[in-house]
Amino acid sequence: MLAPNLFACVSRRRVNKRTVQEALTNDKWLEDIQGHYSVAVLSEYLDIWALVQEVVLQSDVEDTHKWHFEASGQFSTKSAYEAFFNGSVCFQPCKLIWGSWAPRKCKFFLWLVAHNRCWTADRLARRGLPHPEHCPLCEQEDETINHLLLACVFARQFWNEWFSGFGLQELTPQADNVDFYTWWQQSSDRLHTSLQQGFNTLVVLGTWSIWKTRNDVVFNGAAPRINMLECERRRKMAECLSILNIPKWGICST
């Protein structure tokens, strides 16, 4: 509401009986304001006064309803729903994650990745908890979620193997890629629109596989080798192909 404190000083009986034309004629609306005038009421009163002075009544023109959330001025359910989210913060990775065909647990993991809520070494260290000194998969750099999924040499080797089965090896992360979701969005944009949902599914499944391998190394002492992922990689590739029914993909030239 534009002036809630001022409106609270107006009798409900007056609001229900007086029309807009009656209220604006000779400033009759001022007579409806009753009660104690606080600083908030006076401030809102001055704002409303300035707005009302710009209104010019045209008795020979019929009133019309205009919906301000549509350029046409016509009401639509879609624009009304979107108006509820005006001013809200847009979660950029939303379409990439929740629009994929991956299992829900995998998509939820990517939601944690997007909010930096995965228990990698950097997050454990900030909370004073035991953590690996270096990335468990490459043992070369400090472990962060971006490093683990994108910059790690093990991860890049995995992505190359993972994408090669679909003719997408050109989308393998490179050394200059520093942000996982930036790389994902840019890679998805390079594909034809009809293939993006399938590609996003591959990324979610591949990321989940890397995370599972990382945990196997940390908690079970396994060796970080690509062939550890071979059985799961083949199974998930077959699963994706059966869903997509696409034998070979190609990258757009644009």
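Listing for the model above:
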read-out	value
Residues of the stretch 131-153 satisfying the condition of being surrounded by fewer than 22 Cβ atoms within 10 Å (Cβ to Cβ) and in contact with a Pro (Cβ under 8 Å, 6 or more places away or on another chain)	Cys138
In the stretch 107-127, the residues that are part of a loop (DSSP other than H, G, I, E, B) and either of a type in the set (A, V, I, L, M, F, W, C) or touching a residue at least 40 places away in the same chain (Cβ under 8 Å) (or both)	Cys118, Trp119
Unmet requirement for Phe163, which otherwise passes all of (1) in a helix (DSSP H, G or I); (2) loosely packed, with under 11 Cβ neighbours inside 10 Å	(2)
From the options Phe158, Phe166, Phe154, Phe180, residue that is assigned by TED's automatic domain parsing to the domain that holds Ala102 and farther than 22 Å from Cys138 by Cα	Phe166
In the stretch 128-159, the residues that are free of Cβ contacts under 8 Å to residues at least 40 places away in the same chain and more than 27 Å from the chain's Cα centre (by Cα)	Gly128, Leu129, Pro130, His131, Glu133, His134, Cys135, Glu139, Gln140, Glu141, Asp142, Val153
Wholly within the stretch 1-106, helices (runs of 4 or more DSSP H) carrying at least 1 residues that are at pLDDT 85 or above and farther than 30 Å from Cys118 by Cα	39-52, 77-83
Any chance Gly99 is small (Gly, Ala, Ser) and under 27 Å from Gln157 (Cα atoms)	yes
In the stretch 192-228, the residues that are hydrophobic (A, V, I, L, M, F, W, C) and closer than 15 Å to Trp162 by Cβ	Phe199, Leu202, Val203, Val204, Leu205, Trp208, Ile210, Trp211, Ile226, Met228
Condition met for Trp67 (surrounded by 10 or more Cβ atoms within 10 Å (Cβ to Cβ), farther than 22 Å from Gln185 by Cβ and not basic (Lys, Arg))	yes
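The values are calculated or read from the model by the stated rules, or taken from the named source; none is laboratory data. Model, not experiment: these values are computed from the prediction. With ideal geometry, Cβ positions are generated from the backbone for all residues, glycine too; neighbour counts draw on all protein chains shown.
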